[in-house]
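Below: one structure, written as structure tokens.
The values are calculated or read from the model by the stated rules, or taken from the named source; none is laboratory data. Small disclaimer: the values here were computed from a predicted structure and weren't measured. A quick note on method: Cβ atoms are made from the backbone with ideal geometry, for glycine too, and the neighbour counts reach across all protein chains shown. Quick note on the areas: whole protein, heavy atoms, side chains included, nothing else; ligands and nucleic acids left out. Shrake-Rupley method; radii C 1.70, N 1.55, O 1.52, S 1.80 Å.
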Amino acid sequence: MAEEVKVFRSWGSPFSYRVELALRLKGVAYEYIEEDLSNKSTLLLEYNPVHKKVPVLLHHGKPIAESLVILEYIEETWQENPILPKDPRERAVVRFWSRFLDDKCSLALWMSCWTEGETQQNFMEQAKECLHLLEEELKGKKFFGGDSIGMVDIAASFIAHWLGVLEEVAGISLLDEEKYPNLCKWTEEFLKSDAVMECLPKRANLLAFFQARKHAISATKASV
Ligand SMILES: N[C@@H](CCC(=O)N[C@@H](CS)C(=O)NCC(=O)O)C(=O)O
């Protein structure tokens with residue numbers, strides 16, 4: 001029986017991207033359903049009633065929400081090209097860094113690009129600390145997963161592609177090649193993978209999207 005795999009996604013979402021990349025790395029065919037996040041579909045609300053967010057993976061009609069949870073489900077369901085190690089301790093380490101990326105790192109990076117003044121300086125300090133920790137974690141490795149792309153690499157794809165766009169929109173610099181050579185090399189290696197490139201949103205489209213968002217925020221501030 002053909003697998004029925006569907007991804008409810010939004011084209012510019014780094015969280016949706018994680019799910020698509022994991023499926024592609026495993027060679028699992030899927031269909032995607034593009035969501036308009038300003039007018040969410042009834043199905044998305046039905047499948048993810050708690051968070052009401054993309055991504056949602058639908059497998060044989062059953063939904064799973066939250067990108068990191070979905071990545072683990074994908075790993076357990078399709079065993080080829082593993083994205084998690086077998087050893088329980090190593091698996092725990094992978095979960096640790098994936099959670100770190102979501103709980104601390106992404107927030108600090110995102111807020112550094114969308115705040116100003118002292119608040120921005122504080123977030124930038126936090127972001128740099130996070131980048132430093134990731135830089136150390138990458139020492140002596142090609143990928144966070146070792147020789148191949150694993151769950152932490154997938155979780156960190158925001159840093160490889162989205163961060164540069166946001167830095168440009170905000171007019172700031174965080175991922176400095178001199179300070180974070182391992183992370184910059186990792187970005188380069190990560191973006192060389194066919195699976196990574198196949199479903200990555202175009203940089204120009206992301207740039208236009210975030211620039212429009214910045215203009216909308218500035219216009220709202222100016223009219224107050
Ligand atoms: N923790 C969630 C975050 C997902 C998320 O923030 N999705 C955003 C798109 S990037 C979304 O659906 N936003 C819609 C909303 O907040 O209403 C995950 O890892 O899946």
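Some observations on this one:
- Tensor-based shape of the stretch 121-224 (alpha-carbon gyration tensor, a/c under 1.5 rounded, otherwise prolate or oblate): oblate
- Near LYS53, once Lys and Arg are set to +1 and Asp and Glu to -1 for all other residues with Cβ below 12 Å from its Cβ, the sum equals +1.
- Per the chain, cysteines lacking a partner by the 4.7 Å Cβ criterion: CYS113, CYS184, CYS199
- Number of Lys pairs (Cα under 20 Å; 8 or more positions apart or on different chains) in the stretch 1-134: 14
- Derived scalar couplings ³J(HN,Hα) [the stretch 55-62; Karplus, 6.51 cos²θ - 1.76 cosθ + 1.60; whole Hz; x for Gly, Pro]: x, 10, 9, 10, 10, 6, x, 10
- Residue-level accessible surface for LYS142, protein heavy atoms, 1.4 Å, Å²: 100
- Taking every DSSP beta bridge that has both ends in the chain, the antiparallel portion is near 70%.
- Taking GluC sites (Glu not before Pro) as exposed when DSSP calls them loop and at most 16 other C-beta atoms lie within 10 angstrom, the chain has its longest site-free stretch at 5-79.
- As a length-normalised measure over Cα pairs under 8 Å and 6 or more apart, the relative contact order of the stretch 88-215 settles at 25 percent.
- Karplus (6.51, -1.76, 1.60) ³J(HN,Hα), θ = phi - 60°, over the stretch 80-87, in Hz, Gly and Pro reported as x: 5, 6, x, 10, 10, x, 7, 5
- A straight chain from LYS221 to VAL69 at 0.36 nm per residue would run longer than the Cα-Cα distance by 51.0 nm.
- Gap separating the Cα centres of the stretch 119-184 and the stretch 1-65, nearest whole Å: 26
- Most mobile of HIS132, HIS60, HIS161 in a GNM of the chain (Cα contacts under 10 Å): HIS60
- Charges were assigned to the Cβ only: +1 to each Lys and Arg, -1 to each Asp and Glu. The resulting dipole of the chain about its Cα centre is roughly 320 debye.
- Percent carbon-and-sulfur accessible area, the chain, ignoring ligands, DNA and RNA, probe 1.4 Å: 53
- Approximate spin-label separation GLN79-ASN39, in nm, with each point projected 7 Å along Cα-to-Cβ: 4.6
- Most mobile listed residue (ALA108, ALA212, ALA160) in the chain, GNM with C-alpha springs under 10 Å: ALA212
- The calculated FRET efficiency for GLU125 paired with ARG89, based on their beta-carbon distance and R0 = 41 Å, is about 0.85.
- Sequence-separation-based contact order of the chain, relative, with Cα cut under 8 Å and 6+ spacing, percent: 19
- Residues considered: VAL69, VAL54, VAL152. Largest GNM mean-square fluctuation over the chain, using C-alpha springs under 10 Å, is found at VAL69.
- For the stretch 66-168, a/c is not less than 1.5, where a ≥ b ≥ c are the root eigenvalues of the C-alpha gyration tensor, and a/b tops b/c. That puts it in the prolate class.
- The residues of the chain present an accessible area of 53 Å² per residue when probed at 1.4 Å with all protein chains retained.
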